[in-house]
Amino acid sequence: MASLNVGNLGGFLREQRRNAQLSLRQLADAAGVSNPYLSQIERGLRKPSADILQQLAKALRISAETLYVQAGILDERAPEAAETRSVILADPSLDERQKQVLIQIYESFRKENGLDADAPASAPGEGTEGGTGDDPSAPQS
């Protein structure tokens, strides 16, 4: 599991917030997080979840995968894969289990095709709770 690069993430978030000409309070309100929590993220004291990063990205009008890369959750080498994962994670019509299964299937196909062989098999911040533990891409008998 990749460790979050929170120091660089905090500085990047602060820079993006300033470029957007937003105060800490304005960004916190737009993202639905508290002022102290956002301040702690910017100072590198907190490790935000993938969901919080997604909310911050939306409020800053930048791509969530950009923040995932800054946080060390996603690898920058496959932008098309990061975009696909981000779209799946952002879909409000899917529940968390469905998102996890879709990403596992997608990554399984990429691995089968020789792409992202070392990529994790689950979505950023997602566990296997509620799952069956079965490989959704495995051939059925």
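The values are calculated or read from the model by the stated rules, or taken from the named source; none is laboratory data. Model, not experiment: these values are computed from the prediction. Note: ideal-geometry Cβ built from the backbone for every residue, glycine included; neighbour counts use all protein chains shown.
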query: Right, residue 62: under 22 Å from residue 88 (Cα atoms) and outside any helix (DSSP H, G or I) or not?
result: yes
query: Out of curiosity, is residue 97 under 18 Å from residue 9 (Cβ atoms) and surrounded by fewer than 16 Cβ atoms within 10 Å (Cβ to Cβ)?
result: no
task: Go through the residues of the range 126-138 one by one and say whether even a single one is under 14 Å from the mean Cα position of the chain (by Cα) and modelled with pLDDT under 80.
output: yes
query: When residues of the range 60-71 are filtered for being of a type in the set (Val, Ile, Thr) and surrounded by fewer than 19 Cβ atoms within 10 Å (Cβ to Cβ), how many remain?
result: 1
field: Whichever residue in the range 78-117 is in a loop (DSSP other than H, G, I, E, B) and within 15 Å of the chain's Cα centre (by Cα) and, among such residues, is modelled with the lowest pLDDT
entry: 78
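Okay, residues lined up against (1) under 17 Å from the mean Cα position of the chain (by Cα); (2) at pLDDT 90 or above; (3) crowded, with 16+ Cβ neighbours inside 10 Å; (4) not in a helix (DSSP H, G or I):
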{"residue": "2", "(1), (2), (3), (4)": "yes, no, no, yes"}
{"residue": "13", "(1), (2), (3), (4)": "yes, yes, yes, no"}
{"residue": "25", "(1), (2), (3), (4)": "no, yes, no, no"}
{"residue": "30", "(1), (2), (3), (4)": "no, yes, yes, no"}
{"residue": "37", "(1), (2), (3), (4)": "no, yes, no, no"}
{"residue": "40", "(1), (2), (3), (4)": "no, yes, yes, no"}
message: Condition first: in contact with a helix residue (DSSP H, G or I) (Cβ under 6 Å, 6 or more places away or on another chain), surrounded by fewer than 20 Cβ atoms within 10 Å (Cβ to Cβ) and in a helix (DSSP H, G or I). Now tell me which residues in the range 43-59 satisfy that.
response: 55
